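Take a look at the structure below.
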């Protein structure tokens with residue numbers, strides 16, 4: 001009984017908020033009149049969305065309401081004389097006299113013309129600066145839309161500013177040095193859209209990105225397969241009134257170049273909103289390659305030119321319909337076409353037990369990916385604030401053709417004069433995802449539960465051929481089905497003295513069924529996973545402190561399982577292992593943040609314990625390098641990271657960040673050449689705002705060697721400087737700059753030592769270039785800030801009023 005009384009009191013105390021958010025207004029009695037009002041701008045005559053309307057009778061407040069997407073509100077009120085106050089950002093808080101006569105049909109309406117102080121709005125936009133980087137207990141948030149220097153930049157460049165994230169020259173991101181990170185768009189993995197991760201960062205227009213979230217220990221609402229964490233790209237999801245079109249271009253000019261025109265169009269009327277955004281990217285990266293491969297009595301050295309180019313296209317459209325005050329529908333369609341080529345022209349020298357062969361090797365790896373995805377999400381707000389039910393579906397069909405064509409022209413030695421190595425891999429895939437989410441507030445506490453079903457189907461045809469005087473070919477064909485059936489529950493407890501505790505558990509049943517037609521073999525594997533997550537934290541006056549634990553897995557991909565022997569070249573063959581088990585990680589982290597005045601500080605420390613790690617294993621068998629995969633053991637990773645933002649003056653700010661990690665193992669199976677080595681990276685960003693709206697920013701990123709047991713990777717330090725200026729009340733934005741002004745060439749040195757095998761690959765690319773960006777906004781810039789929420793896999797949703805919580 002006590003619990004019910006508390007619930008009733010909590011509900012009553014939030015009744016006013018509920019009225020503003022979704023109820024028409026309080027009903028006074030059965031003979032009250034239905035009063036419909038509309039609030040508009042007195043100059044533009046456009047409706048004011050979510051203006052607060054307060055109706056008083058003398059000194060007594062009778063009721064209050066919020067206007068809807070048409071600027072309208074509806075209440076029930078007795079006939080009489082009232083005073084109406086309208087509150088809206090930039091208005092003069094005007095008071096209107098309202099006389100409601102008795103009416104036989106019990107209906108009355110009136111339009112309120114409100115004066116807006118545009119100069120006040122301009123002051124707000126100038127002085128109400130918000131932090132670009134913030135954090136909650138579970139994630140770090142980089143607000144792209146708050147960073148003036150992010151406009152007209154490629155997302156693969158912008159994402160480098162996010163703490164803990166690094167990006168290589170192909171655009172592949174890593175989190176805390178690991179590529180086992182799940183990249184999402186609005187809570188859904190980009191792989192579910194059949195889009196390669198590096199291409200997604202090139203294609204998505206930065207102008208359409210609101211923020212980037214980094215979640216190192218995802219909660220129970222997130223997929224279990226987020227081993228190294230999640231990078232979640234949140235796109236802008238706001239209503240527009242009328243039509244709004246923004247066109248822009250991002251360009252880098254140099255020996256390596258990039259050009260990307262972008263488009264973002266929205267149109268809103270009443271309860272309906274339509275959006276369309278897209279991009280076309282033309283990029284090319286040029287450089288040099290030096291490769292060394294050695295084993296017993298065998299040495300291969302290669303050097304020459306490399307190139308990486310492509311022209312991906314990305315189109316996304318969305319439709320949002322506000323069915324009622326409590327129901328909304330969000331649908332989207334995404335299409336992509338991602339052709340790109342990685343080419344090398346190398347002179348190769350092979351010394352095999354004293355026998356030398358010299359030849360020129362020309363290779364092209366051509367990848368063509370196409371995908372089409374459709375999603376729909378339905379949201380229902382129930383009888384109390386915060387209580388809601390969402391259900392969503394995603395369907396994706398994709399295709400990828402991968403052609404690797406190498407031609408060897410021998411100049412000397414005993415080998416045939418020419419040798420062609422040709423491999424062709426054609427894949428089709430289909431993904432269907434159904435998921436639901438239910439949130440239920442229980443007083444100050446919150447409950448959340450959900451279901452998710454994922455079904456993936458792959459068909460692959462592979463052909464490998466080596467030809468000289470004679471031709472030998474091998475083929476492979478397989479069909480692969482994966483089903484993941486998940487359920488989760490999560491509770492958030494509001495404890496005394498601003499402490500918060502979140503506990504959740506996720507269950508996933510995975511079923512993998514593969515038919516390898518060429519080898520006449522089948523693999524059927526099923527396993528269950530129980531994945532707990534716990535968070536305890538305290539909201540401080542100007543920050544928070546938290547402790548998080550999570551348990552995650554990583555399932556082996558089909559290329560790791562396929563037993564087909566793939567001859568990579570004449571000296572190397574790779575083969576999957578159908579007996580692989582998933583990897584597991586227990587993650588523990590502690591975080592502290594302080595955000596007050598001119599100082600923002602974030603510090604964390606983490607400890608990750610990995611087991612059943614899948615390692616790529618190189619073995620020398622009959623003078624052939626055989627590559628396979630094994631679950632070989634466990635290791636530990638300890639790390640710390642920090643981010644400090646100082647507002648030194650009104651015009652000058654400085655951001656300094658860095659991460660430090662140590663990886664260690666006692667497992668001899670790792671054959672660790674590098675053990676207990678430190679990995680470090682740091683970032684330094686300075687921003688100066690000149691009078692007249694000019695913004696100058698300089699960036700420098702520092703990287704140490706990245707060690708991982710058998711491998712060592714040397715990453716180049718990078719830098720940039722840019723100038724940005726907006727005109728015509730932010731309708732026009734222009735930016736110019738230089739990337740890597742300190743060094744024209746970027747060297748990536750990758751060394752792998754495994755027993756008697758040594759493999760070194762040094763790739764040097766041209767990295768210096770002039771950058772230029774331009775965007776222009778047409779149409780109406782008034783925005784309704786009601787978000788188009790779809791189901792996210794994050795346990796911390798946008799719009800949370802509590803820094804720690806979901």
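Table for the structure above
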| item | result |
| --- | --- |
| Residue check, residue 595 in contact with a strand residue (DSSP E or B) (Cβ under 9 Å, 6 or more places away or on another chain) and either closer than 21 Å to residue 671 by Cβ or modelled with pLDDT of 90 or more (or both) | no |
| Any chance residue 726 is touching a helix residue (DSSP H, G or I) at 6+ places or on another chain (Cβ under 9 Å), in the same structural domain as residue 248 (by TED's automatic domain parsing), under 30 Å from residue 146 (Cβ atoms) and at pLDDT 90 or above | no |
| Total residues in segment 596-615, condition in a strand (DSSP E or B) and over 19 Å from residue 640 (Cα atoms) | 7 |
| Selected residue [under 22 Å from the mean Cα position of the chain (by Cα) and not assigned by TED's automatic domain parsing to the domain that holds residue 193] from 407, 395, 362 | 395 |
| Selection within segment 49-68 - within 13 Å of residue 88 (Cα to Cα), buried (at least 20 other Cβ atoms within 10 Å of the Cβ) and modelled with pLDDT of 80 or more | 53, 65, 67 |
| Matching residues, segment 638-657, being within 21 Å of residue 706 (Cα to Cα) and touching a residue at least 40 places away in the same chain (Cβ under 8 Å) | 639, 641, 642, 643, 657 |
| Within segment 408-418, considering residues that are buried (at least 16 other Cβ atoms within 10 Å of the Cβ) and modelled with pLDDT of 80 or more, the one farthest from residue 573 (Cα to Cα) | 410 |
| Which listed residue, of 285, 281, is farther than 18 Å from residue 235 by Cα, in contact (Cβ under 8 Å) with a residue 40 or more places away in the chain, under 22 Å from the mean Cα position of the chain (by Cα) and in the same structural domain as residue 768 (by TED's automatic domain parsing) | 281 |
| Residue that is nearest to residue 379 (Cα to Cα), among those in segment 295-315 that are crowded, with 16+ Cβ neighbours inside 10 Å and in contact (Cβ under 8 Å) with a residue 60 or more places away in the chain | 314 |
| Number of the condition not met by residue 526 [criteria: (1) closer than 30 Å to residue 494 by Cβ; (2) modelled with pLDDT under 90; (3) exposed (fewer than 15 other Cβ atoms within 10 Å of the Cβ)] | (1) |
| Any chance residue 222 is in contact (Cβ under 8 Å) with a residue 60 or more places away in the chain and touching a strand residue (DSSP E or B) at 6+ places or on another chain (Cβ under 6 Å) | no |
| Residue list for segment 371-407, restricted to those being closer than 30 Å to residue 203 by Cβ and surrounded by fewer than 18 Cβ atoms within 10 Å (Cβ to Cβ) | 372, 374, 376, 391, 393, 395, 397, 399, 401, 402, 403, 405 |
| Index of the failed condition, residue 324 passing every other in (1) closer than 30 Å to residue 71 by Cβ; (2) touching a residue at least 60 places away in the same chain (Cβ under 8 Å) | (2) |
| Residue in segment 691-719 that is surrounded by the most Cβ atoms within 10 Å (Cβ to Cβ), counting only those that are under 15 Å from residue 651 (Cβ atoms) and touching a strand residue (DSSP E or B) at 6+ places or on another chain (Cβ under 7 Å) | 697 |
| Residues satisfying the stated conditions in segment 267-280, i.e. surrounded by 22 or more Cβ atoms within 10 Å (Cβ to Cβ) and at pLDDT 90 or above | 279 |
| Test: residue in segment 571-578 that is out of contact with any helix residue (DSSP H, G or I) (no Cβ under 6 Å at 6 or more places or on another chain), under 20 Å from residue 447 (Cβ atoms) and not in a strand (DSSP E or B) | no |
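Matching residues to (1) in contact with a helix residue (DSSP H, G or I) (Cβ under 9 Å, 6 or more places away or on another chain); (2) part of a loop (DSSP other than H, G, I, E, B):
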position: 198; (1), (2): yes, no
position: 202; (1), (2): yes, no
position: 218; (1), (2): no, yes
position: 255; (1), (2): no, yes
position: 284; (1), (2): no, no
position: 294; (1), (2): no, no
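For (1) outside the structural domain of residue 534 (by TED's automatic domain parsing); (2) closer than 17 Å to residue 317 by Cα; (3) surrounded by 18 or more Cβ atoms within 10 Å (Cβ to Cβ), each residue gets a yes or a no:
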{"site": "189", "(1), (2), (3)": "yes, no, yes"}
{"site": "198", "(1), (2), (3)": "yes, no, yes"}
{"site": "211", "(1), (2), (3)": "yes, no, yes"}
{"site": "230", "(1), (2), (3)": "yes, no, yes"}
{"site": "248", "(1), (2), (3)": "no, no, yes"}
{"site": "255", "(1), (2), (3)": "no, no, no"}
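The values are calculated or read from the model by the stated rules, or taken from the named source; none is laboratory data. All of these numbers come straight from a predicted model, not from anything done at the bench. Ideal geometry is used to build each Cβ from the backbone, glycine not excepted, and the neighbour counts take in all protein chains shown.
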